[in-house]
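Student: Mind looking over this structure? Questions follow.
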Amino acid sequence: MTARLQRTAVAAAATFVLLTSLAAGAPAYAATYAANLDDGQQTGGGLSVIQTLLIFVGIPAALFAGIVVLVSAPSMARGPRYRPGLGWWAAPVWFNGPDDADSAVRTAEATTGGGGASARW
């Protein structure tokens, strides 16, 4: 019973909101319709110079600055890059190798009689 009552209350609230929002625009529409005015015939207040500059210059400038920050932020956060001719400062990395690279290198045995790039195994 409470679920049905809850659904009824939600439906009633939604209907009330819909009807009041539709009724809110009715006086403005009725006044325009009664005066027989088309769109654009009833002018509103103008914009000041500051408002015009903020809308047509400020908003595009803010969008441009936001895009610049979003594009350049990852490279600034990454830090310095390697430059040719300079020494390498990063630690060596063994990709797809054993977890303990030092012990693997110490316990490795040298190959004799082949292997390597010549493909003589």
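The values are calculated or read from the model by the stated rules, or taken from the named source; none is laboratory data. All values reported here derive from a predicted model rather than from experimental measurement. The accessibility values were calculated without ligands, DNA or RNA, using every heavy atom of the protein model including side chains. Shrake-Rupley method; radii C 1.70, N 1.55, O 1.52, S 1.80 Å.
Student: Filter the range 56-97 for residues that are part of a loop (DSSP other than H, G, I, E, B), on the phi < 0 side of the Ramachandran plot and open to solvent by less than 70 Å² (accessible area, probe 1.4 Å); which is modelled with the lowest pLDDT?
Tutor: Here the answer is A90.
Student: Just name the residue that is modelled with the lowest pLDDT out of those in the range 34-55 that are of a type outside the set (G, A, S) and open to solvent by less than 100 Å² (accessible area, probe 1.4 Å).
Tutor: So, considering only residues that are of a type outside the set (G, A, S) and open to solvent by less than 100 Å² (accessible area, probe 1.4 Å), the one modelled with the lowest pLDDT is L37.
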